[in-house]
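Working notes for the structure below.
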Amino acid sequence: MPLSLSAFHAAQVIGIGATTWLSGNIASISLFSATALQRSVDHDSMPTVLAARQWKYTLEQGKPNPPTAVFTAALFAFCAWAKMQQESSNNGGWLYAAASACTFGMIPYTIIWIFPINYRLIEIAGQSLSEDENASASRAEVSQLLGRWRTLNWIRSAFPLAASCLALAATI
């Protein structure tokens, strides 16, 4: 039993730490990068293709996030399973299960709400800079896409934050 107790505590600590980090990582893109790019398009006449490319490079930095979400969802699922194996019916296992669902839930949320914006911005980023003046993407469209992405990304950052809070509540 000491080995599984050690594994349980490790899963708790790593899961809570990883989801807290994940939430901050996701939120920081909305707070800093997407906001700065949108302001540059709106106020500094940044070419829309260049703004979309800069956004794409920022997006690529987030590639570790989905595997981190899946890993931490699995950790919380393990914690839920371990707690539910105990005899006490009110032991917080359901909180870990909810934390797992919250963490994993950001993946379908991303696919449904954020991917369409990603695809359009990536399409714009693929245009040449010389095409920018005649580009199919207007300054208003790129600004709107960045603003919508920023808002949806803020919401996405709440999934792992909620998971972290649920798992923390389960430890108390």
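FYI, it's all coordinate maths here, none of it is from the lab. Please read all numbers here as calculations on a predicted model, not as lab measurements. Here Cβ is always computed from backbone atoms with ideal geometry, including for glycine, and neighbour counts include all displayed protein chains.
List of remarks:
- Subset of segment 45-95 (residues that are part of a loop (DSSP other than H, G, I, E, B) and farther than 26 Å from Phe32 by Cα): Gln85, Gln86, Glu87, Ser88, Ser89, Asn90, Asn91, Gly92
- Taking the criterion of being farther than 25 Å from Val49 by Cβ and under 10 Å from the mean Cα position of the chain (by Cα), the residues of segment 20-38 that qualify are Leu22, Ser23, Gly24, Asn25, Ile26, Ala27.
- Criterion: in contact (Cβ under 8 Å) with a residue 60 or more places away in the chain and among the aromatic types (Phe, Trp, Tyr) - qualifying residue of Phe104, Phe76, Phe71, Phe32: Phe76
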